[in-house]
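Below is one structure; the comments refer to it alone.
Bear in mind that the values in this text are calculations on the coordinates, not laboratory data. This structure is a prediction, so every number in the text was calculated from the model and none was measured. Neighbour counts run over all protein chains shown; Cβ positions are idealised from the backbone, glycine included.
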Amino acid sequence: QDTQEKEGILPERAEEAKLKAKYPSLGQKPGGSDFLMKRLQKGVWDTISYTFTSEPKGALGMRTQKYFDSGDYNMAKAKMKNKQLPSAGPDKNLVTGDHIPTPQDLPQRKSSLVTSKLAG
Amino acid sequence: MQPLWSQQAVPRAADIISTVEFNHSGDLLATGDKGGRVVIFQREQENKSRPHSRGEYNVYSTFQSHEPEFDYLKSLEIEEKINKIRWLPQQNAAHFLLSTNDKTIKLWKISERDKRAEGYNLKDEDGRLRDPFRITALRVPILKPMDLMVEASPRRIFANAHTYHINSISVNSDHETYLSADDLRINLWHLEITDRSFNIVDIKPANMEELTEVITAAEFHPHQCNVFVYSSSKGTIRLCDMRSSALCDRHSKFFEEPEDPSSRSFFSEIISSISDVKFSHSGRYMMTRDYLSVKVWDLNMESRPVETHQVHEYLRSKLCSLYENDCIFDKFECCWSGSDSAIMTGSYNNFFRMFDRNARRDVTLEASRENSKPRASLKPRKVCTGGKRKKDEISVDSLDFNKKILHTAWHPAENIIAVAATNNLYIFQDKVN
């Protein structure tokens, strides 16, 4: 049983040695706050950038781009969607500006989520 | 356990599937994708004239659940990717589900409309307004049948409660509340109330330099409405009882498998991070998925799991490259069969693994259109780890690590499984003739 355990451990240790040989500057504590902080910022493991890579890596083409400001973001979105005017996400349910709202313009009143107790 | 499986592959042109979930009856199957869309499939009723279409799933409704948003404070985009979908138990003719991206949870109502009113007084059948002065008589509109239309409408939007990225949502057995968990906090919501939520777990340290672990998944107990669990990046699970205190920072139970300190390596903590936790239907057990294994825990025993199943132990000697290509951080989910007798989880190369807990047997299957024909039974696969590769075996080095099965779901009552392979959804059924 002892040798079985050692056989299981050895591959992991060998892999660790390989990694340290490639990247000697790798931090001592992989689970330490540096690692986790990057995860919190990016939110997913696969967009964390490490000390040995310059660009944040993404699996399956996940977006990792940071924008300068909201104007930058909106211009980028406009280019992607190829529209004339980029929308900053207006609330489509609101009637604004042009005219006095009429009953037809307003969103329909939706019935309550809770079923009536009368409905047995 | 050697069932015959027929297969139905549903190709999705655009996006990568990010979540799969059956509803409580199993008649509906919801998928969410990276583009913020939800597609719901419905099981066809048995039809004697078309016996081969027994129980096939077809598209029932498609809607855009989330759109990309912009976080002004951090100048980062908030992805529209659907992280999780959870169904509410059905209470009336309509169906309700919760879908969430990184920041916002939405309650969607999916309802059918098969009648429409005809004979309005103020407008024509084509919608044009009638001249009110020309109307000489009143009529009562009548309801006429129409082609079935399935409508999805957002009924509640639960926003602005999470600083970090939401990884889990779970509906309580009380059918009134649900929890949402991000990396550091868990919030309790009431389904009717969107402008506030109750924080029940907060593991954010006062000094962020002291951060050592994050929350990776959370779930309510299936029957006990006061109990929930959450897993961590350090491989531990905490069970909390909401009756004990308002803020559940102190756990009621702490589940951790003791580690042999001499076996510790750089990778130990990373591969011990739990990517998914699921209660059994019975409520007696829970299952956790870490990078290389799935473990079954008895809620009555905190010291170690009662079962450990190796998913792809052969990857242990590949950890260096898996770290370099980020695959070591892949978050695999796991699921129970309806009777809890079997468990399933995904792997690479479009392989997924099934473990029969009673018969103590496991099988590796592949979700791929090239390697299996529709309505044919799936052939078990085998990965060769040693030197000599037998015929039909696949060597570890030729596994495709871009083809990962992260999301799987099992029908609540029958042997029907849904497997998401990147942007393809596979549905496998037990063929019983």
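Brief remarks follow.
- Across the stretch B:391-431, the residues whose backbone nitrogen lies under 13 Å from the label position 7 Å along the beta-carbon direction of B:Lys382 are B:391-395.
- Cα extents for the stretch B:170-289 along the principal axes, largest to smallest and rounded to whole angstrom: 50, 38, 22.
- Exercise: per-residue mean of other protein chain Cβ atoms within 10 Å, B:66-76: 4
- Ranked by the mean number of other Cβ atoms within 10 Å per residue, highest first, peptides B:319-327, B:181-189, B:195-203 order as B:181-189, B:319-327, B:195-203.
- Under the Karplus curve 6.51 cos²θ - 1.76 cosθ + 1.60, θ = phi - 60°, whole-Hz ³J(HN,Hα) for the stretch B:266-274, x wherever Gly or Pro sits: 4, 8, 3, 5, 4, 7, 8, 4, 7
- For B:Thr19, the residues whose amide H sits under 5 Å from its own are B:Gly32, ignoring neighbours fewer than 5 places away on the same chain, with H placed 1.01 Å from N.
- Pair-distance profile P(r), taking every C-alpha pair of chain B, with 20 angstrom steps and integer %: 23, 54, 18, 4, 0
- Placing unit charges on the Cβ atoms only, positive for Lys and Arg and negative for Asp and Glu, gives the stretch B:353-433 a dipole magnitude near 300 debye about its Cα centre.
- Estimated 222 nm signal from helices in chain B, with DSSP H stretches of n ≥ 4 weighted -39500 (n - 2.57), rounded to 500: -500 deg cm²/dmol
- Per-residue packing, averaged as other Cβ atoms within 10 Å, sorts the ranges B:281-287, B:341-347 into the order B:341-347, B:281-287, beginning with the highest.
- Each residue of the stretch B:349-363 is assigned a 3J(HN,Hα), and the resulting list reads 6, 6, 8, 9, 10, 10, 10, 8, 6, 6, 7, 6, 10, 9, 9 Hz, derived from the Karplus form 6.51 cos²θ - 1.76 cosθ + 1.60 (θ = phi - 60°), x at Gly and Pro.
- Peptide A:12-24 is shielded by partner chain Cβ atoms: per residue, an average of 5 of them sit within 10 Å of its Cβ.
- Potential lengthening of the chain between B:Gln90 and B:Arg369 amounts to 97.0 nm, from the contour at 0.36 nm per residue minus the alpha-carbon distance.
- Contour minus Cα-Cα distance for B:Asn58 and B:Asn226 (0.36 nm per residue): 56.8 nm
- Cross-link reach list, aspartates and glutamates versus B:Lys382, counting only Cα pairs under 12 Å and skipping chain neighbours closer than eight places: B:Asp362, B:Glu366, B:Asp392, B:Glu393
- Figure legend: label point modelled 7 angstrom from the Cα of B:Ser317 along Cα→Cβ; residues of the stretch B:363-389 with amide N under 18 Å from it are B:382-389.
- Label-point separation, B:Asp126 to B:Asp400 (7 Å along Cα→Cβ), nm: 5.2
- For B:Val201, the residues 5 or more places off, or on other chains, whose built amide H falls under 5 Å of its own are B:Ile186, B:Cys248.
- R0 of 60 Å, Cβ-Cβ distance B:Glu192-B:Lys391: FRET efficiency to nearest 0.05: 0.50
- Relative to the current alpha-carbon distance between B:Ser111 and B:Thr136, full extension at 0.36 nm per residue lengthens the span by 5.3 nm.
- Peptide B:253-262 has a mean shielding of 1, counted as Cβ atoms of other protein chains within 10 Å of each residue's Cβ.
- Calculated FRET efficiency, B:Lys204 to B:Ser75, Cβ-Cβ distance, R0 = 25 Å: about 0.65 to the nearest 0.05.
- Highest-first packing order for the peptide set B:70-76, B:204-210, B:236-242 is B:236-242, B:70-76, B:204-210, based on the mean count of other beta carbon atoms within 10 Å.
- Long pairs among B:Lys103/B:Lys253; B:Lys253/B:Lys379; A:Lys79/B:Lys81, criterion Cα-Cα beyond 32 Å: B:Lys253/B:Lys379
- Residues with amide H under 5 Å from that of B:Ile78, placed H, sequence gap 5 or more: B:Glu69, B:Phe70, B:Asp71
- Cβ screening of chain B for cysteine pairs under 4.7 Å finds these without a partner: B:Cys225, B:Cys320, B:Cys327, B:Cys334, B:Cys335, B:Cys384.
- 32 Å Cα-Cα threshold exceeded, pairs from A:Lys77/B:Lys144; B:Lys106/B:Lys204; B:Lys115/B:Lys373; B:Lys204/B:Lys278; A:Lys22/B:Lys234: A:Lys77/B:Lys144; B:Lys115/B:Lys373
- Spacing of the modelled spin labels on B:Glu307 and B:Gln45, each 7 Å from Cα toward Cβ, amounts to 3.7 nm.
- The stretch B:40-137 shape via C-alpha gyration tensor axes, a/c threshold 1.5: oblate
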